[in-house]
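K.L.:
Handing you a structure now.
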Amino acid sequence: PDSVALKGVTLTYGRKVHALDGIDLAIEPGEFVAIVGPSGCGKSTLLRLVAGFARPTGGEVRVGGEPVAGPGPDRGMVFQQPRLFPWLSVRRNVAFGIRRHPGRDARVAELLDLVGLADAARLRPYELSGGMQQRAAIARALAPDPGILLMDEPFAALDALTRERLQEELRRIWQQTGKTVLFVTHSVDEAVFLGTRVLVMSKRPGRIVLDLPHQPDLRET
Ligand code: ADP
Ligand code: ADP
């Protein structure tokens, strides 16, 4: 896993939308950081900066001690929508980012096991439920073995029961793989259930107003 550090990070869209305004944040390798806050408080923007999809207007973002210059295989991303390639099998979707890796097939099989999709390897995304699609998206994000997993409301579009199952599964995957996770949600319940640390953000301007170390209940359920 990798560390994440933001120093004095601001991001202003146009002239006056201060999406982020002075973010200082240090995340240790292996933490599960849940970021919660109302719509528009800058959660996605924060994640996009760490992903390298955007650059800050001011300040600095570092991953594993190195300034972020763009997206890279050290950071896997999962979005609210699974964004799988509809014409590819689950297996090929997961293999997509590691096409030229030796041992790829074994790696894909291992990942499908990890997310519980071993029996769905040959199916296409439209043959899967929403929860299965999201599990495939998680496997795809993990394929290049990133130190960091970035998740932007990954379960928000799922029904309540599926969401609960996926939360349990994600916790298990995090325990098994030891990744650093940044998990954005607007659900306080979800943040408190999953996070070993919970950040609360506020709107106008986007700031971290609470940074709570948290010991989630890790009993097997
Ligand atoms: P959240 O993920 O917490 O809902 P966002 O990071 O998406 O918040 O957005 C933070 C603020 O930045 C909001 O006011 C939003 O309207 C604005 N914003 C986000 N993306 C853009 C963009 N591409 N152009 C202009 N304003 C944006
Ligand atoms: P299609 O997308 O045409 O249905 P498959 O899903 O059967 O193709 O296979 C897609 C890719 O999955 C293959 O090109 C191969 O790289 C990989 N693959 C094949 N066998 C295995 C396996 N046993 N475990 C994991 N990956 C495999």
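K.L.:
Per the Kirkwood formula on distinct C-alpha pairs, the Rh of region 71-114 is how many angstrom?
P.N.:
When all Cα pairs of region 71-114 are included, the Kirkwood radius is 11.6 Å.
K.L.:
What percentages make up the Cα-Cα pair-distance distribution of the chain when the bins are 10 Å wide from 0?
P.N.:
Going out from 0 Å in 10 Å bins, the chain shows 8, 34, 36, 18, 3, 0 percent.
K.L.:
Below 8 Å, C-alpha to C-alpha, sequence gap of six or more: please give me the relative contact order for region 1-99 in percent.
P.N.:
28 percent
K.L.:
Excluding Met132 itself, what net charge comes from residues whose Cβ is under 12 Å from its Cβ, given Lys and Arg +1 and Asp and Glu -1?
P.N.:
My count for the surroundings of Met132 gives 0.
K.L.:
What's the magnitude of the charge dipole for the chain around its Cα centre, counting Lys and Arg as +1 and Asp and Glu as -1 at the beta-carbon? Answer in Debye, nearest 20.
P.N.:
The dipole of the chain has a size of about 860 debye.
K.L.:
With a Cα-only, solvent-free Debye model of region 1-107, what are the log10 I(q)/I(0) values at q = 0.16, 0.17, 0.22 Å⁻¹?
P.N.:
-0.84, -0.91, -1.22
K.L.:
Among Gln134, Gly147, Leu117, which residue has its Cα positioned farthest towards the positive end of the charge dipole of region 109-150, with +1 placed on the Cβ of Lys and Arg, -1 on the Cβ of Asp and Glu, and the dipole taken about the Cα centre?
P.N.:
So the residue we want is Gln134.
K.L.:
Please build a GNM for the chain, connecting alpha carbons under 10 Å apart, and tell me which residue among Lys16, Lys43, Lys179 fluctuates the most.
P.N.:
Looking only at Lys16, Lys43, Lys179, the biggest GNM fluctuation is shown by Lys16.
K.L.:
Treating cross-link reach as a plain straight distance, find the lysines whose alpha-carbon is under 17 Å from the alpha-carbon of Lys203, omitting any fewer than eight places away in the same chain.
P.N.:
Answer for Lys203, where 17 Å is the Cα cut-off: Lys16, Lys43, listed by chain and number.
K.L.:
Relative contact order of the chain, please, whole-number percent, based on alpha carbon pairs below 8 angstrom and at least 6 residues apart.
P.N.:
Dividing the mean separation by the residue count of the chain yields 30 percent.
K.L.:
222 nm [θ] for the chain, helices only, -39500 (n - 2.57) per DSSP H run of 4+, per residue, to 500?
P.N.:
That comes out to -8500 deg cm²/dmol.
K.L.:
What do you get when you divide the Cα radius of gyration of region 36-88 by 2.2 N^0.38 Å, with N the number of residues?
P.N.:
Normalised Cα radius of gyration, region 36-88: 1.33.
K.L.:
Of Met201, Pro38, Phe96, which is farthest along the charge dipole of the chain in the positive direction, counting Lys and Arg as +1 and Asp and Glu as -1 at C-beta?
P.N.:
Of Met201, Pro38, Phe96, it is Phe96.
Taken together, the values in this text are just the output of simple stated rules run on the coordinates, not laboratory data. Predicted model only: the values in this text are computed from it and were never measured. Don't worry about glycine lacking a Cβ; one is built from the backbone with ideal geometry, like all the others, and counts go over all protein chains shown.
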